[in-house]
Each structure stands twice: as structure tokens, then as C-alpha cells.
Amino acid sequence: METLLSIIFIYIFVENFVLQRFFGICPFLGVSRKMETAVGMSMAVIFVMTLATLVTWLLYTYVLVPFGLTYLQIVTFILVIASLVQLVETVLRKISPTLYQGLGIFLPLITTNCAVLAVTLLAIRQEFSLVESIVFSIAAAIGFALALIIMAGIRERLEMAEIPEVLQGSAVTLITAGILSIAFMGFQGMLTL
Amino acid sequence: MSDAAKAPGAIMRQNLWTSNPIFMQVLGICSALAVTNLLSNTMIMTVGVVFVTAMSSLTVSLLKSLIPRKVRMVVQTLIIAFYVIIVDIVLRAYLPEISRNLGPYVGLIITNCIIMGRAEAFAQSNGPVLSFWDGMTSGMGYMGVLLTIALVRELLGFGSLFGFQVLPAFFEPWIIMVMPPSAFFLIGLIVWIGKTIMHRQGEPVLEGE
């Protein structure tokens, strides 16, 4: 239980996926313009990440390892993620049109979100058990969501500010991300696994 | 971005400068920012990216008439994955130390949007040789920016370049430079400087939505 709690704390704050580990910067810059899209993307990522980690962990442990195919890890995982995203999209459209309307447009973007692939690869690398992997993926996704939502809040304010033309867009966002990252450095070293 | 310019020189200029993947599009920095605190790691990582971008553009271009349009994303992903696995295995075999340092980031080259972007935007509609060139120069544009960041971070963070001490012993290393925030600041600054120079030259600087 203690390990699980520390995994949660570490991957939301200490090793924040976006601000300390640089995973998922593309969506972080891309969809943080508005609070609404940031929240939508966050929900979609939490959903897909957890599901992807569950499937890839089982596949790795019960298929790739027994057959000695671990060198196929990367390609298997990316295919699992891509097909999972497709599947979730189809299922969601059928059973919950409202949820689909909320998450729908973000789902295709997730395939190219390196944070999702990173979670699945790291869960294997850290030799987490199945339960730990799932807790880890949820924590990592919440960490991603946290960074994304904070950023969206800041960017909505930034809209009002007068920023030189050359600094607009990604430049100012990256510098803001740097300041956020310094804030998150405060958690550094608090807990380790 | 227009791909109308077909001359190799124009392609190079475009990829290294006016539509540099990092300046103008801020693509695919996820997988590589993390390794920029040491020049040697960055070098290996970006060489890997250049190799994968060039070879997958070439392959996509060679196979473009054979790939049905509907499944082309999946096929492109598989092609890219193929080259990434080669890079991963070669690193593990010959440079185990660096492979351990780079950790999961090598595998993440797959999701680097630059590679997929070049395959989709250029290789899909151009010949193999030009596509190879386009992929390679795009990769190099990316490499240039990341090496600059790594240069600053290693010099100020450790006082060394490629692991050799170059600054005198009384220099106090800036710890912040090896920590994650500095990567964000530096890339923000580089984008800013790059855009300022472009703006002076009269190029458009606002990003497309």
C-alpha cells in the first residue's frame, strides 16, 4: 500500500511527466490554449493511458516474454495504443454519444502523444507489478492533466497581455513552462521509490 | 507549409531554417529535450533521429504506390518503428552505457511528429532521392537546435564539452542548467531569437493555427 501511495505522489508531483520528464510536450503546447480543450484532452489521456498500460503489461508479460520476442516491444506497444484508440473511439460513439462529443476529437491526437507510449515502456522498465503499473499510469496521467490544466489557465490570462509578435505562440509558452517547471522542482527529492 | 520548392538547395534551406521543425512548428521536442543536458547523449539521440527520418522518408516514398491510402498511417508507423528498433538494438549492442542513459527516450522517437509529418507531407508525393534528402535535412534542422541547447546546458551546468573539462576549476557550475527547467527556457529563447532574426529578414513569424 505504501509503495502505491508513493507511486501516486511521485508521478503526480516529483516526476511530473510534462514538467520534469518532458513527455507529451506536443499536446501540452498544442491544446493548452483553452481551458475547455485542456480538460477534454486530460480526460481522454487518463482514460487511454490506463487502458493502454493494462493491455501492454499483460501482452508483454504473457506473450512477448515467454516467446522471447521482447525486441518487438516498441512496435507492439505503438500498435496496441493505435488500435486501442481506434477501438475506444468506435465504442464510445456507440454507447455514449455525449462522452464522445467531449473526447472524440482528442482521441486521434493521443496516438502521437509520446506520454502514452512512455508510460507503457516505463512500467515495464521499472519492473512494476500489474497493480503498480495501473496505479502508475493513472498517476502519470493525472500529472499530465495537472500540468496541462495549469498551463491552460495561465494561457487564458496571457491572451490579455501584450506580447511582442516574435514571442507569441510557442516561445512564450515554453518560457512559462520553464517557470512552472521551477515551481515543480520544489518537490524534487521529497520521495523516491 | 508549402512543399512547392523542389530543388535540393531550396529544400535544405527550408528545412534547416525557414520551416525548421522546431522554430516554426515546435514539433517532436518531447523525446529529445530530456537528453540535452549532455552533448554526447544529444549527439547520439539526434543522429538516431536523422537516420530514422531519412530512411523512413525514403521507404515511404519507395512504397507509396503500393500502400493503400486507407491504411497508410499504420504502414508509416510500422516503417518508422522498424528503423527505431534498429537504432535501439544497435545502441544496446555497441553503446550499452549511452543506451542506459537515454532510457525509454529512444523508443519514443516513434512518436516524434517530425518523422510522421515529413513522411505524410513530403515523401507521400515525391521521389525517393528527394524524400531521403528532405528527411535528412529536416532531421538536421532538429539536430542543430538540440545540439545548441545541449552545448549551453553542458557548458554552464558541468563546465565541460563532450565530457572534457573546458572551463577553469574556479567556475561554479550552474546546477539549474542540468535540471529540467533550463531546457524549457533555452528552447523558448531559441525559438524567440530564431523568430526575431526571421522577422528582420521579412519572413512571416506567426504560427498557423
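The values are calculated or read from the model by the stated rules, or taken from the named source; none is laboratory data. Owing to the predicted nature of the structure, the values given are computational and were not obtained by experimental measurement. Ideal geometry is used to build each Cβ from the backbone, glycine not excepted, and the neighbour counts take in all protein chains shown. When the accessible area is computed, the model is the full protein with side chains, heavy atoms only, and any ligands, DNA or RNA have been set aside. Shrake-Rupley method; radii C 1.70, N 1.55, O 1.52, S 1.80 Å.
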query = Which residues of region A:74-95 show a drop of at least 10 Å² in accessible area when all protein chains are present, compared with their chain alone (probe radius 1.4 Å, heavy atoms only, ligands and nucleic acids excluded)?
reply = A:74, A:75, A:78, A:79
remark   = Among residues of region A:166-188, a drop of 50 Å² or more in 1.4 Å probe accessible area, assembly relative to the chain on its own, occurs for A:166, A:170, A:174, A:175, A:185
Length-normalised contact order for chain B - Cα pairs under 8 Å, 6+ apart - percent = 33 percent
key: Mean residue ellipticity (222 nm) of the protein assembly as shown, computed from DSSP H runs ≥ 4 via -39,500 (n - 2.57), nearest 500   = -21000 deg cm²/dmol
Cross-link partners of residue B:195 among aspartates and glutamates (Cα-Cα below 12 Å; sequence separation of 8 or more within a chain) = A:165, B:203, B:207
note = Phi angles of region B:67-74, converted by Karplus (6.51 cos²θ - 1.76 cosθ + 1.60, θ = phi - 60°) into ³J(HN,Hα) in whole Hz with x for Gly and Pro, give 8, x, 4, 5, 9, 5, 4, 5
ask   = Along region A:156-173, what does the Karplus equation 6.51 cos²θ - 1.76 cosθ + 1.60 (θ = phi - 60°) give for ³J(HN,Hα), rounded to whole Hz, x for Gly and Pro?
value = 5, 6, 4, 3, 6, 7, 8, 10, x, 3, 6, 9, 5, x, 5, 4, 5, 5
note = Counting only residues 5 or more apart in sequence or on a different chain, those whose built amide H sits under 5 Å from that of residue A:24 are A:114, A:115
note = For region B:111-195 the trypsin sites (Lys or Arg not before Pro) that pass both the DSSP coil test and the at-most-12 other-Cβ-within-10 Å test are none
request  = Over both sides of the A-B contact, add up the buried accessible area with a 1.4 Å probe and give it to the nearest 100 Å².
outcome  = 3600 Å²
ask   = If you take the alpha carbon radius of gyration of region A:72-193 and divide it by 2.2 N^0.38 Å, what ratio comes out, to two decimals?
value = 1.31
request  = Give the relative contact order (percent, whole number) for region A:2-187; include only Cα pairs under 8 Å separated by 6+ residues.
outcome  = 45 percent
ask   = Largest first, how would B:88, B:134 line up by accessible area (1.4 Å probe)?
value = B:88, B:134
task = Order B:175, B:11, A:149, most accessible first, counting only protein heavy atoms with a 1.4 angstrom probe.
result = B:175, A:149, B:11
message = Please list, in order along region B:149-165, the HN-Hα scalar couplings obtained from phi with the Karplus expression 6.51 cos²θ - 1.76 cosθ + 1.60 (θ = phi - 60°), rounded to whole Hz, x for Gly and Pro.
response = 4, 5, 4, 5, 5, 6, 4, 7, x, 10, x, 10, 10, 6, x, 9, 5
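With a ≥ b ≥ c the root eigenvalues of the C-alpha gyration tensor of the protein assembly as shown, is it rounded (a/c under 1.5), prolate (a/b larger than b/c) or oblate?
Note, shape of the protein assembly as shown comes out rounded.
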ask   = Over what distance in Å are the Cα centres of region A:166-188 and region B:44-111 separated?
value = 30 Å
ask   = Just the Cα atoms of chain B, one point each, no solvent: what log10 I(q)/I(0) does Debye give at q = 0.10 Å⁻¹?
value = -0.46
ask   = For region A:136-155 and region A:83-112, what is the separation of their C-alpha centers, rounded to whole Å?
value = 20 Å
query = Using the heavy atoms of the protein chains alone and a 1.4 angstrom probe, what is the accessible area of the protein assembly as shown per residue in square angstrom?
reply = 45 Å²
task = For region A:11-55, just say rounded, prolate or oblate: build the C-alpha gyration tensor, square-root its eigenvalues into a ≥ b ≥ c, call rounded for a/c under 1.5, and beyond that prolate if a/b exceeds b/c, oblate if not.
result = oblate
note = Given backbone amide H placed at 1.01 Å from N, residues whose amide H is under 5 Å from that of residue B:161, ignoring those fewer than 5 places away on the same chain, are B:166
request  = Give the carbon-plus-sulfur fraction of the accessible surface of the protein assembly as shown in %, rounded to a whole number; probe 1.4 Å, heavy atoms of protein chains only.
outcome  = 69 percent
